[in-house]
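Okay, so here's the structure we're looking at.
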Amino acid sequence: MSAAGMTCPGCGSTNIVDDDLYSQAQLVCVDCGSVVSEGVLANDPVGGSDVSFSRTTAVAKKPCANQIKGLQRVKAICRILMVNSEIEALSQTYYKMAYEHKAFLKVSLQKKDILTGCCVLVSCRLLNWPITIGTISCLLDADPMVVGAVYQEMVKNLSIEAPIVNVTDVIEAHCHDSVDVPEELAENSRDLTKRAVALVELAADSWIVTGRKPIPIMMAATYLAWQSLKPNKHRLKFSLDKFCQIAKVKKLKPAMKRVAEIKEVLCKLGKEIPWVGGAMTPNNVIQQVECILQHRYALLRRAMRTHEDALLEESQASFTSVVKQNGSNANGKEQPGDGDNNPHALPEHRNWGKRVLFAPPCVIHPKKRRVEQCEHKDVTGDEEISDSEIDSYIRTPREARDFALMQQMLPLSDSGKS
């Protein structure tokens, strides 16, 4: 076969044909026999262009069985919480991203199951649907601490900026209407939510919420709000266990303690109401909840002022008793301004939470710290003396006065002997 448009560089002939007798195709001049060009295997591959094996066998990656099960789990949780379709779609998207992330590839199936609830949780918070970790933990039947750890890890790895939810934002979901409740026990959800939020705000002002889990506080506030809206004998005798059974929620052990703490705060404020006579006890304080919440800021200021006055009277009484004891002693004539006692000073306590009206729970009930026993080392005299140790050697005004009197008496005693 002749090659059109080519000429032989040797003789100038255009009679050039293909020579297929060799492994490489060659163009040869028929007139002089010169080889015009030689073919190259690399430039002319057999069977078309070079294609990689992965490109020829590439198929769409299908999700594994565990991933499909996890997506179904996400969908089931969204249906239980009755969220909208946007939250459900976002939850499934986050689950696919987290499932394929390198941080969650080689983890246990339990952690992947918890991951489904964490994706729903972060989607609800991003789309302004407040929900707590305790609710997700209850649906997953998992430890809230483990759920919180997986949630923090997922948010960090996926670089999600999830907003922080306040207790008052999620309490509305816990005050929903119940269908199977009798009429004498039923209550309007709006009124119940408003009263429960006010109780939670009062608990926050009195340090009850500080460092506490939100679910028991919301449970206690909802229970007390339900009792205070219609404080009849039937509701006042209703226990927290029965209330949780009617509301179809699981009772938490700390909820009863939160009820007692909120009642204690209500009693302290109820004592300051001028038109209420008689002692205020946890049994009858529920009837005054509406008045207390309506005037809570004024009652808080008045209760703290009354407590400070009581402490001042107590310190003055203790100072008066100390002065009387010193006056009865014939040897000690102490001036009022020389001693360390001050009538306006509050009595010192190792725990300052005992002398204030409201304090954080960690201050009122502090944990006992383990005291480390230091090993006795050889004293060389070159050790540094701390400021507290130096202060222990400084004399008080009374000791300084007694020391000066003793210095004056020593020469007199020496002259008497001579």
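The values are calculated or read from the model by the stated rules, or taken from the named source; none is laboratory data. In this text, all values refer to a predicted model and were calculated from it rather than measured experimentally. Here the Cβ is made from the backbone with ideal geometry for all residues, glycine too, and neighbour counts use every protein chain on show. Surface accessibility is based on the protein's heavy atoms, side chains included, excluding ligands, DNA and RNA. Shrake-Rupley method; radii C 1.70, N 1.55, O 1.52, S 1.80 Å.
Data table
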{"quantity": "Percent carbon-and-sulfur accessible area, region 168-297, ignoring ligands, DNA and RNA, probe 1.4 Å", "calculated": "52"}
{"quantity": "Mean Cβ count within 10 Å, highest first, over the residues of peptides 304-310, 363-369", "calculated": "304-310, 363-369"}
{"quantity": "Rule-of-thumb Rg ratio for region 151-224 [Cα; 2.2 N^0.38 Å; N residues]", "calculated": "1.37"}
{"quantity": "Efficiency of FRET from Cβ geometry, Val322 and Arg369, R₀ 35 Å, rounded to 0.05", "calculated": "0.60"}
{"quantity": "Residues of type lysines that Lys324 reaches as a straight line, Cα spacing below 21 Å, ignoring anything fewer than 8 places off in the same chain", "calculated": "Lys333"}
{"quantity": "Cα gyration tensor, region 196-273 - rounded (a/c under 1.5), prolate or oblate", "calculated": "oblate"}
{"quantity": "Using a Förster distance of 56 Å, the FRET efficiency for Ala260-Glu161 (Cβ separation, nearest 0.05)", "calculated": "0.90"}
{"quantity": "Table column - 3J(HN,Hα) (Hz), region 119-130, Karplus curve with 6.51, -1.76, 1.60, x for Gly and Pro", "calculated": "5, 5, 5, 5, 5, 5, 5, 5, 9, 6, 10, x"}
{"quantity": "Surface/4 estimate of mean projected area, convex hull on alpha-carbon atoms of region 168-297, nm²", "calculated": "7.6"}
{"quantity": "Inter-probe distance in nm under a simple model that places probes 7 Å from Cα toward Cβ, at Asp205 and Arg305", "calculated": "1.5"}
{"quantity": "Approximate spin-label separation Asn283-Asn128, in nm, with each point projected 7 Å along Cα-to-Cβ", "calculated": "4.8"}
{"quantity": "Of all accessible heavy-atom area on region 65-165, the percent that carbon and sulfur account for (1.4 Å)", "calculated": "55"}
{"quantity": "Per residue value of the accessible surface for region 174-242 (all protein chains in place, 1.4 Å probe), Å²", "calculated": "52"}
{"quantity": "Relative contact order %, region 199-316, counting alpha carbon pairs below 8 Å whose residues are six or more apart", "calculated": "27"}
{"quantity": "Distance in nm between pseudo-label sites at Leu312 and Val17 (7 Å out along the Cβ direction from Cα)", "calculated": "12.7"}
{"quantity": "FRET efficiency for Gln72 and Asn232, using Cβ-Cβ distance with R0 set to 45 Å, rounded to 0.05", "calculated": "0.45"}
{"quantity": "Rg(Cα)/(2.2 N^0.38 Å) for region 65-165, N = residue count", "calculated": "0.94"}
{"quantity": "Segment Ala103-Glu184, length gained on full extension (0.36 nm per residue, minus Cα span)", "calculated": "23.8 nm"}
{"quantity": "Listed residue pairs exceeding 25 Å between alpha carbons, taken from Lys242/Lys268; Lys242/Lys368; Lys156/Lys257; Lys106/Lys156; Lys75/Lys111", "calculated": "Lys242/Lys268; Lys242/Lys368; Lys156/Lys257"}
